[in-house]
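Working notes for the structure below.
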Amino acid sequence: MLALLREHPNAPIYRNHSGHRLAPEEVERARQLEDEAVRAEIDWHPNQPPQWVKPFVERCLATSPFYRRYGAMPRAFTQLPTLTREDLARDMPYFVPDEVDVERLINFRTSGTSGHPLLLASHPLVAAQYLGYHKRALRRFGVRLRHGRDQVGVILLGVQSICFTYVSITPTMDDSGLAKINLHPNDWRSPDDRAKYLEAMQPEVIAGDPISFAALLDIDPRIQPAALLSTSMTLMPALCDRLRARYGCPVLDLYSMNEAGPIAVFDSAAGGHVLLQQRMYIEILDDDDQPVATGQRGEVTLTGGFNFCLPLVRYRTGDHAALERRGGDLVLIGLEGRPPVKYRRHDGRWLNNIEITHALRPLPLVQFSVHQDASGHIAVDFVGASVAESEVEHALQMLLGTETSLRVRRVAGFDRKIIQYTSALPGAQA
Amino acid sequence: MKNEGPPLQQLLHRITATPPDFMAEPRIGNKGDVHTVAVVRDLLAAKGHIVDIAQLSVLAGRDVKTDRNRLSIALLMSWLLADAALIVERQHLTDVLTLLNEDAARLAAYTNSRQLFEDPERREELARLTLSKLDLRPAGETVAQAQDRFTSISSLERARLLAASQKAEERARAIREQLAKQAAEESANKWTRE
């Protein structure tokens, strides 16, 4: 499989090496965990920590040096301190529980947009477990993965001038192929090879972000994936629709982060992002670390997770949403990255950034940023080849009024991750 | 330890009977329930000493994550010190403040208020440490016996502290090294990346 992926006449230049690193006896364990992830019930209710939470936290307080500093278990779960990304950036090694074998650690890295780059401890079994949560999400959309030996299970897409690329296999899928490729022309002998290679590999799943999927649409290979998995940044509905129409398969928008893996998948039928992990308790907190009433918006805060090298106790993600139980699902409603920002119209009325998201939703934007300066002028940059500046301007004027000072500009690209909503106006932080 | 204090058993019993208020969350910033500074000030006032609030500022705490444990221990110590049989003479006031500030922080590095409350050995450690600050020994023990027992507990305590901090630092270094070794290879085989 590896030879096929690497040596195909149209193959890209693979620049790096990687592998699953599972010990033989761990493969069966990984399979069991996958199964558990697919079948488990997530049956708790907002603001009611499920039973496993207390023993989980007690174990953290006893075995993880960082949490040991907290002292004894408080009477109420909500009296525990919260964590931020800054804590992880500064003290990461102290989160690793005493019993974890240091020799087996691997790392997950993230640059992020908050000024706190993270290097996180993980383990081959943790990396392997992503697939179980992907399978759970895919089943929701009627997809069961079938590719195995001598087939390509997944191709991960990137579009960057420099990108970590490699080939590997997935042991729990009978060694199906896995490749991470860079669609940037730098990594190919000829730009035409990109479509040819994808057509030859016919991956069952393609994983990427809105930027790489937009590039995929441009390259337009004739492939029939069973599903597309989008992560890293908001997938705007219009781009999602285009991808779905082009490839005739479900396009899953995953809420996923290095600190916790795949947390939720967007499902319009459920009205938001449906939680995926059975051992992840989610609170929605106000600024004082207190849970808000069910259905109200606040900061998404995580406890638990499947990365046993990095147990999370009340980790504030910086993302905002409401949480509701809807039928059999727990659903994050109106999920937005980073704290809310308010924008002031010419008439003094304030709008929340979520209203801007809604206004731009019908347009197939790949990525956009909105900044209001201290004078009240709003500057919007966007990436999206098929969208005219006038369309974005019109959509925003419907919301902001025509008298609000506005400049809309299409740009070739951003850095990989941007802070989408910013403002220099006092009072803009909602 | 030249003076005889109450029987050890009495203090051990007092620790096990700590009321919920002294086991509640110490107030730090706008979080928690019990103001440690107020509790300690009241305690010392009840023992006949008016202490300037500035001398107790360390007991206000600043960060829940790093200060909660030592303040919980200081509250437990305050409850123990409030025993009517423990008289705080003027010349021992500084030692009592050291107990509440510095000894509580040292204990917090390797144990917590729950263990001091539940574990018989830790209870004795706390009782003897508190008596020593008042230059007292348990009733019925000779100076030599009390000194001997306290020394052995103290050396055990020092060993625990050293082991806890050394182990944590060594392990953190090993984790950093291991992750740095892996850095060039990135994380493998995730079906999606964030």
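Label-to-label distance for A:Asn186 and A:Leu425 is 3.9 nm, based on points extended 7 Å past Cα in the beta-carbon direction. Close Lys pairs in the protein assembly as shown, defined as Cα atoms under 24 Å apart and 8 or more places apart or on different chains, number 17. The chymotrypsin sites (Phe, Trp or Tyr not before Pro) of segment A:129-220 that meet both conditions, a loop assignment by DSSP and at most 16 other Cβ atoms within 10 Å of the site Cβ, are A:Phe141.
The gain in end-to-end length when the A:Leu2 to A:Glu58 segment is fully stretched comes to 15.8 nm, 0.36 nm per residue minus the alpha carbon separation. Using DSSP loop states and a limit of at most 11 other Cβ atoms within 10 Å to flag GluC sites (Glu not before Pro), what is the longest stretch of chain A containing no flagged site? So the longest stretch without any such site is A:100-402. On the principal axes of its alpha carbon atoms, segment A:300-430 extends 51, 33, 32 Å, with the longest extent given first. Angle between the Cα long axis of helix B:143-182 and the longest principal axis of chain B, 0 to 90 degrees, nearest 10? Around 10 degrees separate the two axes. Label zone of A:Met398 (point 7 Å out along Cα→Cβ, amide N under 15 Å): in segment A:347-373 this covers A:355-365.
For A:Thr110, A:Thr78, the sequence from fewest to most other C-beta atoms within 10 Å is A:Thr78, A:Thr110. Rounded, prolate or oblate: pick one for segment A:285-339, where a ≥ b ≥ c are the square roots of the eigenvalues of its C-alpha gyration tensor, a/c under 1.5 means rounded, and failing that, prolate if a/b is larger than b/c, else oblate. Verdict is oblate for segment A:285-339.
Here the spin labels are modelled as points 7 Å beyond Cα on the Cα-Cβ line, and at B:Ala85 and B:His13 they lie 0.8 nm apart.
Multiplying the residue separation of A:His346 and A:Glu99 by 0.36 nm and subtracting their alpha-carbon distance yields 83.0 nm.
Based only on other Cβ atoms within 10 Å, what is the fewest-to-most ordering of A:Lys135, B:Lys31, B:Lys190?
Values: A:Lys135 21, B:Lys31 18, B:Lys190 29.
The order, fewest Cβ neighbours first, is B:Lys31, A:Lys135, B:Lys190.
Going from the fewest other Cβ atoms within 10 Å to the most, the residues A:Met236, A:Met92, A:Met398 appear in the order A:Met398, A:Met92, A:Met236. For segment B:65-79, backbone nitrogen atoms closer than 14 Å to the point 7 Å from A:Gln290 Cα along Cα-to-C-beta are found at no residue. Among the residues of A:84-95, the average count of other protein chain beta-carbon atoms within 10 Å of the residue beta-carbon is 2. Magnitude of the charge dipole for segment A:2-335, about its Cα centre and with charges confined to Cβ atoms of Lys, Arg (+1) and Asp, Glu (-1), is about 340 debye.
The three principal axes of the Cα atoms in chain A give end-to-end lengths of 66, 62, 40 Å, sorted in falling order.
Would you work out the charge dipole size for the protein assembly as shown about its Cα centre, treating the Cβ of every Lys and Arg as +1 and the Cβ of every Asp and Glu as -1, and quote it to the nearest 20 debye?
Values: 75 positive and 79 negative charges, 63 e Å.
Dipole about the Cα centre, nearest 20: 300 debye.
Just so you know, all these numbers are worked out from the coordinates, no wet-lab data involved. Predicted model, so just to flag it, every value in this text is computed and none were measured. We place every Cβ from the backbone using ideal geometry, glycine too, and count neighbours over all the protein chains shown.
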